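Some notes on the structure that comes next.
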Amino acid sequence: MLKTLLITGGAGFIGSHVVRLFVNKYPNYKIINLDALTYAGNLENLKDIDQKSNYVFEKGDITDENYIFDLFKKYDFDGVIHLAAESHVDRSISNPLEFLKTNIFGTVTLLNAAKEIWKDHFDNKRFYHVSTDEVYGSLDNGGFFTETTAYDPKSPYSASKAGSDHFVRAYANTYNLPIVISNCSNNYGPNQFPEKLIPLFINNIQNNKPLPVYGKGENIRDWLYVVDHARAIDDVYHKGKTGETYNIGGFNEWKNIDLIKVICKTMDEKLGREAGTSEKLITYVTDRAGHDLRYAIDATKITKDLGWKPSLQFEEGISKTIDWYLENEEWLKNVTSGAYQEYYDEMYDKRD
Ligand code: NAD
Ligand code: DAU
């Protein structure tokens, strides 16, 4: 039977990997990718699959209530995987309202549409919210985040994601909406916007620009290759229990400065530069306001219950990632110049 699935934020970093996986793996699904194409949305991320017959792109905003209701009526979705969000912590510090609007108002707009349009037939429906480990706050005294760790968000970004998680659970409790949530650690890999640590530093090294390390570089993150996150999302969507939360992580903690040194060393080798060249670009700068010290996920539940585990060792993942950015110079150039934003006009506006 044909299933119609809405994926929001599919032109972004993680969303594009999720869309690709679903379009290729499930030819009997019709995948609707809804994305507003903000600065973070890039249809070039999907150019290898955008002609497939089971893929549809819809340009639209999750905060536009009438539009979202009409979209739900138009397609009669069987399920939603919701990734669209403002995702960068630094931007949330300078513009919290934008995060409140997209991440909370936008999520509630989708929940309302699902609740109303699905109301007499919740059976076999599923609303899946893709969230972050940052909702749990910062692990300053050791330990790991589990699914029962109390929420303690500390940045406007994580507060907005925590707010959206709370609304998703409230709709399950109040209206019986069949939901599932996952909270994942830091992703890395191809297609990530070069404002985030890893692609920013790869790009800066290539262009001999300073590498701005916040504070002393002692903060710790738990890194997961993005395709492994997409695989986990597939497992949670298809095998996760309704109402449950699943933590997703890489079992792969790195102090920022140690990770940065690995990137520098690998870049020197791949670019044929003298050892130590890239490290000279390291520049310690003022710390991020309210900078969370450490994130680390205990992913036992998803491994035990759904059989998921990361497939890629970090050394292999980071090498593959660097290769991808070096081989896709054009992608990086288009993103940094802004040219990527013309892809929609070229591919869609002028197609009809
Ligand atoms: P991203 O910023 O790369 O992509 C976000 C996408 O959402 C973009 O394509 C953008 O155009 C779209 N979007 C933004 N506002 C929209 C709106 N109002 N209407 C429709 N589309 C809109 O983000 P990402 O890093 O791919 O993250 C995707 C999701 O995963 C987010 O919900 C994020 O909180 C979550 N997450 C990210 C990470 C990570 O390490 N990047 C880790 C855990 C969870
Ligand atoms: O933990 C999951 C989260 O990971 C996701 O929910 C977010 O969407 C995603 O952006 C990411 O958040 P971080 O703030 O951890 O990622 P970022 O790449 O911005 O920063 C990683 C670490 O590197 C963090 O400790 C801040 C530091 N940093 C970052 C930048 C951009 C620097 O030292 N210098 C920089 O220039």
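Each value in this text was obtained by applying a stated rule to the coordinates, not by laboratory testing. As the structure is a computational prediction, the values presented were derived from the model and not from experiment. In this analysis, Cβ positions are derived from the backbone assuming ideal geometry, glycine residues included, and neighbour counts consider all displayed protein chains.
Give the lysines reachable from K239 as a straight Cα distance under 17 Å; neighbours fewer than 8 places away on the same chain don't count. Answer for K239, where 17 Å is the Cα cut-off: K3, K25, K125, K301, K304, K309, listed by chain and number.
Can you bin the range 124-165 into rounded, prolate or oblate? Criterion: square roots of the alpha carbon gyration tensor eigenvalues sorted a ≥ b ≥ c, rounded for a/c under 1.5, prolate for a/b above b/c, oblate for the rest. Note, shape of the range 124-165 comes out oblate. With the charge dipole of the range 197-290 set up from +1 on Lys and Arg Cβ and -1 on Asp and Glu Cβ about the Cα centre, the Cα lying farthest toward the positive end among the listed residues L259, N203, G243 is that of N203.
If only the Cβ of Lys and Arg carry +1 and only the Cβ of Asp and Glu carry -1, the dipole of the chain around its Cα centre is close to 460 debye.
How would you classify the range 5-75 from its alpha-carbon gyration tensor, with a ≥ b ≥ c the square roots of the eigenvalues: rounded for a/c under 1.5, else prolate if a/b is greater than b/c, otherwise oblate?
Oblate.
Between Q341, L139, G290, the Cα set farthest toward the positive side of the dipole of the chain (charges on each charged residue's Cβ, about the Cα centre) is that of L139.
Rounded if a/c is under 1.5, else prolate if a/b is larger than b/c, else oblate: which is the range 142-194, with a ≥ b ≥ c the root eigenvalues of its Cα gyration tensor? Prolate, because a/c is 1.5 or more and a/b exceeds b/c.
Rounded to the nearest 0.05, what FRET efficiency do T4 and A289 give with R0 = 51 Å and r taken as the Cβ-Cβ distance? Could you check? It comes out at approximately 0.75. On average over all directions, what projected area in square nanometres does the range 1-159 have, based on the convex hull of its Cα atoms? Averaging across all directions leaves 10.7 nm² for the Cα convex hull.
Taking Cα atoms only, the orientation of helix 106-117 departs from the longest principal axis of the chain by about 20 degrees.
Here the extension length gained between T148 and I282 equals 44.4 nm, from 0.36 nm per residue of separation less the Cα-Cα distance. Computed about its Cα centre, the charge dipole of the range 243-305 is approximately 140 debye, with only Lys, Arg, Asp and Glu carrying charge at their Cβ. Per residue, the average separation of C-alpha pairs within less than 8 Å and at least 6 apart gives the range 1-61 a relative contact order of 38 percent. Within the same chain, lysines fewer than 8 places from K161 are excluded, and of the rest, those with a Cα less than 16 Å from its Cα are K101. Short-range pairs are left out: with C-alpha atoms under 8 Å and at least six residues apart, the relative contact order of the range 203-334 is 39 percent. Just so you know, the Cα atoms of the range 124-264 work out to an Rg and Dmax of 16.8, 55 Å. The ellipsoid equivalent to the alpha-carbon distribution of the chain has semi-axes of 32, 24, 19 angstrom, derived from the gyration tensor eigenvalues as √(5λ) and listed largest first. Over the chain, Cα pairs under 8 Å with separation of 6+ residues give a relative contact order of 18 percent. Taking a straight Cα-Cα cut-off under 23 Å and skipping sequence neighbours fewer than 8 places away in the same chain, the lysines within cross-link reach of K209 are K196, K255, K261, K265, K270, K280, K320, K333.
Taken about its Cα centre, the range 104-184 carries a charge dipole of roughly 240 debye when the Cβ of each Lys and Arg holds +1 and the Cβ of each Asp and Glu holds -1.
Over the alpha-carbon set of the range 207-352, divide Rg by the Kirkwood Rh and report the Rg/Rh ratio to two decimals. Can you show the working numbers first?
Values: Rg = 19.1 Å, Rh = 18.3 Å.
Rounded to two decimals, Rg/Rh equals 1.04.
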